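Any read-out appearing in this document is the output of simple, stated calculations on the displayed coordinates, not a laboratory observation. None of these values were measured; they are calculated from a predicted model. Every residue, glycine among them, receives a Cβ derived from its backbone with ideal geometry; neighbour counts consider all protein chains shown.
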Amino acid sequence: MLSKRLIACLDVRDGHLAKSVKFVDTKNIGDPVAKAREYYLDGLDELVFYDINASSEGRRIILDVVEAVAEQVFIPLSVGGGVASVADATDLRLAGAEKINVNSAAVRRPALIGECAEAIGDQNVVLSMDIRRVEPSADMPSGYEIVINGGRKPMGIDALSWAKEGERLGAGELVVNSIDADGTREGYELNLTRMLSEAVRIPVIASGGAGEPDHLYDVLADGKADAALVASMVHYGDYTVSGLKRHLHGRGVKMRMSW
Amino acid sequence: MVVIVDYDAGNLKSVERACREVGLSAEISSHPNRIRTAERVIFPGVGAAGSAMRSLAASGAGRALVAAFETGTPILGICLGLQISLEYSEENDTDTLGLLPGEVRRFRLDDPNLKVPHMGWNAVRVIRPHPVLDGIQPGDEFYFVHAYRPIPGKRTDVIAESVYEGPFCSALGRGNYVATQFHPEKSGRVGLRLLERFAEWDGRVDA
């Protein structure tokens, strides 16, 4: 049977690894290519690059980073950030990305999901959703709202209905990123993750908030996620990829343990 | 030198990079002559059976691949490459190359918690020793992405199995042809080792 996946996310700005807290205050913390290689050799299951540049110059840099990583990392690579067209997706695929994450542009123009699915296959289109907690209301019955533009712009769209719509339009996987939990190291948003995981038939990747190994266990077991995404936990050297996997395996989660 | 068959079926560069990593120089080509005369051939692919067969027919690469098989060239099929080497695929109701007997059917699972496509890391159990899959240990996992599964017509063509609800064939082969449903080029070092062994394989299987 399938193993649960441990995914590391590298936020890249101007060719450097950056990490944000609650989506602001980004700072540089190293060379993304070296980090990617290190995690790969330590048993990482999948790698995500997030391009946090808006400039066209930044776009070129992310392609170079992906290409350099694809030369030496032989696990699935997923890339997102600013993907707004099939051409963006195709450029990233040619550079070596397996999967393409769409986010803000898909909220503004949902047809993008289907266009990318048609061009590169359903299974390679990942719908990444930035979500914040709100008071449940008639417009937002789930109590969770979609936010775009790196967490700056609330859209008045219910997260649960957007997840279902994304699946219907052809997304092959969902990233559930909680803005409230992002960078807090206090744990993933379990209710949100479980709610979306139970609502769709495609894999769900939990993102935002991991600070301790048991947070990963909680979201894979109780949150029903197929994969847990980490960033700060491994970037600053507090934990290693193999150490996290051993911990989860020890608690009875099916993980890939030989590499 | 290995020729990677180009038929507009996705990420051939990742296969090329993995070949380079294990010291196997590779050329991506759809040219029938290059395929027919290649020292060894990789038949990769991600995509749908129908458009793949159209593309292979248009370039002549499909016939060249059959010819390479018949003349003993070591061939490695990967994912869709494996699937369209059998006779028929339910995907787009397509007649396929027929290097080996068998067909391809969509996963039909009873457990509503299991998702299709079968995507992620899964164990591969070798049930018939083969030089290219030699050295795979129990518990070694490989990366899969597929919604359809191969059903070889002859049980003796099954080389390895994996489990998704029930067992399914995850590697098959006969003579100089071997193929994996998983992606060795995306399966970390166990995958690279498989490509390494293919690079050294003479196309023979000890009976």
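With both bridge residues required to lie in region A:111-259, what share of the DSSP beta bridges run antiparallel, to the nearest 5%?
Numbers: 7 of 19 bridges.
Close to 35 percent.
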request  = Nearest 5 is fine: what % of DSSP beta bridges in region B:1-126 come out antiparallel, could you say?
outcome  = 15
remark   = If each part is reduced to its alpha-carbon centroid, region B:137-200 and region A:57-100 end up apart, in Å, by 27
message = Positive end of the dipole of region A:81-176, charges at C-beta (+1 Lys, Arg; -1 Asp, Glu), about the Cα centre: which of A:Thr90, A:Ala163, A:Gly151 has its Cα farthest in that direction?
response = A:Gly151
note = Diffusion coefficient in µm²/s returned for region B:72-121 by Stokes-Einstein, Kirkwood Rh over C-alpha pairs, 20 °C and 1.002 mPa s, is 172
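Please work out how much length the chain gains when fully extended from A:Arg152 to A:Asp64, using 0.36 nm per residue of separation minus the C-alpha to C-alpha distance, in nm with one decimal.
Working: separation 88, 0.36 × 88 = 31.68 nm, distance 2.76 nm.
Result: 28.9 nm gained on full extension.
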key: Long-range amide H partners of A:Lys99 with built H, under 5 Å   = A:Leu77, A:Ser78, A:Val79
task = Would you mind computing, in nm to one decimal, how far apart the modelled labels at A:Glu135 and B:Leu114 are, each placed 7 Å from Cα along Cα→Cβ?
result = 4.6
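Using mean Cβ contacts within 10 Å as the protection proxy, how do B:137-149, A:147-159 order, highest first? Provide the component values of the computation, followed by the final result.
Values: B:137-149: 19.6, A:147-159: 17.4.
By packing density, highest mean first, the sequence is B:137-149, A:147-159.
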Per-pair calculated FRET efficiency, R0 = 51 Å: B:Ile28 and A:Arg168 via Cβ, rounded to 0.05 = 0.90
query = Hey, what's the per residue convex hull volume over the C-alpha atoms of region B:96-182, in cubic angstrom?
reply = 96
ask   = Which of the peptides A:117-128, A:161-172 is most tightly packed, and how do the rest follow, judged by the mean count of other Cβ atoms within 10 Å per residue?
value = A:117-128, A:161-172
key: Leading residue at positive end of dipole, region B:27-177 (Cβ point charges), from B:Gln137, B:Pro112, B:Ser59   = B:Ser59
task = For chain B, divide the Cα radius of gyration by the Kirkwood radius and give the resulting Rg/Rh value with two decimals.
result = 0.93
Peptide-level mean, for B:185-198, of C-beta atoms on other protein chains within 10 Å = 3
task = Rounded to whole Hz and in sequence order, give me ³J(HN,Hα) for region A:196-213 from the Karplus expression 6.51 cos²θ - 1.76 cosθ + 1.60, θ = phi - 60°, writing x for Gly and Pro.
result = 6, 4, 6, 8, 10, 9, 10, x, 10, 9, 8, 9, x, x, 5, x, 9, x
task = Set the Förster radius R0 to 22 Å, insert the Cβ-Cβ distance between A:Asp14 and A:Asp238 as r into 1/(1 + (r/R0)^6), and round the FRET efficiency to 0.05.
result = 0.30
ask   = To the nearest whole number, what is the average tally of beta carbon atoms from other chains within 10 Å of the beta carbons of peptide B:65-75?
value = 0
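When DSSP beta bridges are limited to those with both residues in the protein assembly as shown, what percentage is antiparallel, rounded to the nearest 5?
Numbers: 39 of 86 bridges.
Antiparallel bridges: around 45 percent, rounded to the nearest 5.
What number, in percent, do you get for the relative contact order of chain B if the mean sequence gap of Cα pairs under 8 Å and at least 6 apart is divided by its residue count? Walk me through the intermediate numbers first.
Values: 475 pairs, mean separation 41.2, N = 207.
Averaging sequence separation for qualifying contacts and normalising by length gives 20 percent for chain B.
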ask   = Considering every residue in B:115-128, what mean count of other chain Cβ atoms within 10 Å of its Cβ is obtained?
value = 5
ask   = Using the alpha-carbon centroid of each, what span in Å lies between region B:41-104 and region A:125-191?
value = 41
note = The ³J(HN,Hα) series, computed from each phi in region B:96-106 with the Karplus coefficients 6.51, -1.76 and 1.60 at θ = phi - 60°, rounded to the nearest Hz and given as x for glycine or proline, is 10, 5, x, 4, 10, x, x, 9, 10, 10, 5
query = Once every DSSP H run of n ≥ 4 in chain A is given -39500 (n - 2.57) and the sum is divided by its residues, what mean residue ellipticity at 222 nm do you get, rounded to the nearest 500 deg cm²/dmol?
reply = -10500 deg cm²/dmol
Estimated vicinal HN-Hα couplings, Hz - region B:135-147 in sequence order (Karplus 6.51, -1.76, 1.60; Gly, Pro = x) = x, 5, 9, x, x, 5, 10, 10, 8, 10, 8, 6, 9
inquiry  = Quick query: amide H of B:Thr94 versus all other amide H atoms, modeled in the peptide plane; which residues come in under 5 Å with a sequence gap of 5 or more or a different chain?
reply    = B:Ser89
note = Taking placed amide H atoms and a strict 5 Å upper bound, the residues 5 or more places from A:Asp180 or on another chain that come that close are A:Arg133
